[in-house]
Amino acid sequence: MSAALSATKAGGEKTMQYYKSGLDVTIKNDGSPVTQADQESHKVICKILNETGVPIISEEGKVWADVPPQYWLVDPLDGTKDFIAANDEFTINIALVKEGHPVLGVIYAPALGEIYYASKSQSAWMEIGTEKTQLTERSAPKSLTMFSSRFHESEKSTLFAERYNVNCVVPMGSALKYARLAAGQANIYPRFVGTSEWDTAAGQAILECCGGGIIDLTTGQRMLYGKKNWRNNNFIAFGAESDPGDFMGEIA
């Protein structure tokens with residue numbers, strides 16, 4: 001955990017050096033934006049994680065043809081659109097994946113001063129400033145509350161909210177949604193637009209350590225990692241007091 005925390009914080013510090021600086025934006029082949037902040041965060045994170053001897057798979061790193069049995073899965077700047085929009089809702093995500101399962105996760109929102117982390121041996125924790133809180137102690141809203149993507153919303157998400165009588169829909173950027181779901185600020189987060197594995201692994205590790213998780217809507221099972229092209233199927237992320245089986249209708 002110490003290496004992941006150190007690397008995540010170093011990545012956050014690096015991104016903040018570029019935040020609100022008017023830096024250039026490049027569009028990658030998949031249509032997503034990338035900035036120098038993404039690339040420099042990747043470098044400092046890899047420098048720290050390389051010391052562990054565990055392979056690193058990063059959004060800004062090399063393409064891996066084969067899946068190692070154990071590896072770090074890194075998004076050095078998740079929510080680049082949020083970073084560019086300067087809304088503070090971007091994160092640095094690091095997960096440790098073993099045999100297809102995320103077993104450790106760290107999500108850091110440097111502009112907000114929030115860090116969330118979890119592992120099977122250390123439970124799940126949230127730190128905001130000097131305050132440290134165990135996430136297993138958090139309860140979810142009694143009125144059904146759903147997170148939605150700030151920049152990647154879909155018609156299916158709207159239909160989902162209508163079908164299940166969601167009382168409140170809260171737009172939010174990056175992996176901050178999974179972290180705050182674990183913190184009890186919402187009940188569910190359905191996703192019907194494509195994501196990559198580095199977007200979700202850290203959040204899944206944190207959610208699973210406090211009674212929640214992510215269900216793959218194609219398999220109906222816990223989300224697994226090491227899939228083709230590192231791409232996820234549609235899914236539902238849920239907090240500790242929600243039953244994903246209640247939301248598995250044909251909208252998926």
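Just so it is clear, none of the values below were taken in a lab; they were calculated from the coordinates. Quick caveat: nothing in here was measured; it's all calculated off a predicted structure. Please note: Cβ atoms are built from the backbone with ideal geometry, for glycine as well, and neighbour counts cover all protein chains shown.
In the stretch 2-134, a dipole from Cβ-located charges (positive for Lys and Arg, negative for Asp and Glu) runs towards its positive end, and of Ile128, Ile84, Leu112 it is Ile128 whose Cα lies farthest in that direction. The distance separating the Cα centre of the stretch 71-91 from that of the stretch 1-38 comes to 7 Å. For the options Asp38, Asp75, Asp24, a Gaussian network treatment of the chain with springs between C-alpha atoms closer than 10 Å singles out Asp24 as fluctuating the most. Between Asn93, Asn167, Asn187, the Gaussian network model of the chain with springs among Cα atoms under 10 angstrom shows the greatest mean-square fluctuation at Asn167. Measuring spread by the Cα atoms of the stretch 88-208 yields a radius of gyration and Dmax of 14.2, 41 Å. Which shape class, rounded, prolate or oblate, goes with the stretch 138-252 when its Cα gyration tensor gives a ≥ b ≥ c as root eigenvalues, a/c under 1.5 marks rounded, and past that a/b bigger than b/c marks prolate? Taking the square roots of the gyration eigenvalues as a ≥ b ≥ c, the stretch 138-252 is rounded. Sorting the segments 42-49, 100-107 by their residues' average number of neighbouring beta-carbon atoms within 10 angstrom, most packed first, yields 100-107, 42-49. Around the amide H of Leu144, modelled in the peptide plane, lie the amide H atoms of Asn167, all under 5 Å away and 5 or more residues distant in sequence or on another chain. When shorter helices are ignored and each DSSP H run of at least 4 residues is given -39500 (n - 2.57), the per-residue value for the chain at 222 nm works out to -8000 deg cm²/dmol. With both residues required to sit in the chain, DSSP beta bridges show an antiparallel share near 85%.
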